[in-house]
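Heads up, the thing below is written out as structure tokens.
The values are calculated or read from the model by the stated rules, or taken from the named source; none is laboratory data. Note that the coordinates shown come from a computational prediction; the quantities given were computed from them, not determined experimentally. Neighbour counts are summed over all protein chains in view; Cβ atoms, including those assigned to glycine, are modelled from backbone coordinates with ideal geometry. The area values use the complete protein model at the heavy-atom level, side chains included, leaving out ligands, DNA and RNA. Shrake-Rupley method; radii C 1.70, N 1.55, O 1.52, S 1.80 Å.
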Amino acid sequence: MVLGVRLDTELEERLAAVARTQGRSKSDIAREAVRRYVELHDEAFRREARRQSQRASRRDTQADYAFWEIAEAEDSAWR
């Protein structure tokens, strides 16, 4: 897959300098940077999902059931 990215002149020059110093291509460095960014943010998403799941599992489900029973009874009264 090909992805085109526009960089401002200063950033492109800095990227080119780093690539030369490391003997790597700009594409290699950009690919690594994007991979790290996605892994960091994807992991943050998974951590938040786990946190919310654990929080939900600690909830008082009886209170939830009671709420929905009341809501259903009120809804039935309108019918």
Pair list, Cβ < 6 Å and 6+ apart or interchain, from region 1-20 residues that are closer than 16 Å to R31 by Cα to residues that are basic (K, R): L15/K26; A19/K26
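Residue-by-condition table, conditions (1) open to solvent by 70 Å² or more (accessible area, probe 1.4 Å); (2) modelled with pLDDT of 90 or more:
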{"position": "S25", "(1), (2)": "no, yes"}
{"position": "V34", "(1), (2)": "yes, yes"}
{"position": "H41", "(1), (2)": "yes, no"}
{"position": "R47", "(1), (2)": "yes, no"}
{"position": "Q52", "(1), (2)": "yes, no"}
{"position": "R55", "(1), (2)": "yes, no"}
{"position": "Q62", "(1), (2)": "yes, no"}
{"position": "A66", "(1), (2)": "no, no"}
{"position": "A73", "(1), (2)": "no, no"}
